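Before any comments, here is the structure.
No lab work stands behind these numbers, since they all come straight from the coordinates. Predicted model, so just to flag it, every value in this text is computed and none were measured. Here Cβ is always computed from backbone atoms with ideal geometry, including for glycine, and neighbour counts include all displayed protein chains.
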Amino acid sequence: MAEDLTITKGSKHEQYLALIPQIKSLLDGEPDLIANLANIAAALKEQFGWFWIGFYLVKNDQLVLGPFQGPVACTRIAKGRGVCGTSWAEAKTLIVPDVEKFPGHIACSSLSKSEIVIPLFHNEQVVGVLDVDSSELDSFNTTDQLYLEQIVQLIQWD
Ligand code: SME
């Protein structure tokens, strides 16, 4: 397993294309879910430097904070609440260019300005979300959606 990440410059496409094989190699042969989520969050933080990157996992019908990189965050989110709870309820990726314009957005930090949330599927159920926050407006687009959805498919749940 490679333990050093090679950071790539260039377009978002180029950055993701260089990062994804490295994430695959980090996860390869490691069955522990928390270890793998922690390394995915760390790898995304190292490559892109976004403000907050982390996982929430469904536990007893709530999203509960999992491995993340960034400032301390809200620990529990109800289904349908905020961007994360809405992504869970609708089972789809949400791109929010300006969080202040998203009804019900949960402001864990006033520094967060835009956000993308990707649902995590296991056995066709949403079992968690990947939440990425930026301190700049309009940081995320369908390129992020494409590659972040590929990255979360690398997670092994069994
Ligand atoms: N903003 C999210 C809450 C999680 S934090 O940003 C880390 C939301 O509205 O769901």
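Would you mind calculating the gained length between LYS24 and ASP4 on full extension (0.36 nm times residue separation, minus the Cα-Cα distance), in nm to one decimal?
Working: separation 20, 0.36 × 20 = 7.20 nm, distance 1.32 nm.
In short, 5.9 nm is gained.
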Got a sec to turn the phi values of segment 103-120 into Karplus ³J(HN,Hα) couplings, 6.51 cos²θ - 1.76 cosθ + 1.60 with θ = phi - 60°, whole Hz, x for Gly and Pro? x, x, 3, 9, 8, 5, 9, 6, 7, 7, 10, 9, 7, 10, 10, 10, x, 9
The base-10 log of I(q)/I(0) that the Debye equation returns for the chain at q = 0.14, 0.16 Å⁻¹, one scatterer per C-alpha, is -0.64, -0.85
Going by Cα centres, segment 134-148 and segment 2-61 are how many Å apart? 15
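Expressed in nm to one decimal, what extension gain is obtained for the pair GLU14 and SER110 from 0.36 nm per residue of sequence separation less their Cα-Cα distance? Intermediate results must be reported in sequence, preceding the final value.
Values: separation 96, 0.36 × 96 = 34.56 nm, distance 3.04 nm.
Fully extending the segment from GLU14 to SER110 adds 31.5 nm.
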Amide H neighbours of HIS122 under 5 Å, counting only residues 5+ apart in sequence or on other chains, H built in-plane at 1.01 Å? VAL127
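So, counting K/R as plus one and D/E as minus one, what does the shell of residues with Cβ under 15 Å around PHE121 add up to? All intermediate terms of the calculation are to be shown ahead of the outcome.
Values: positive: LYS92; negative: GLU90, GLU124, GLU149, ASP158.
That works out to -3.
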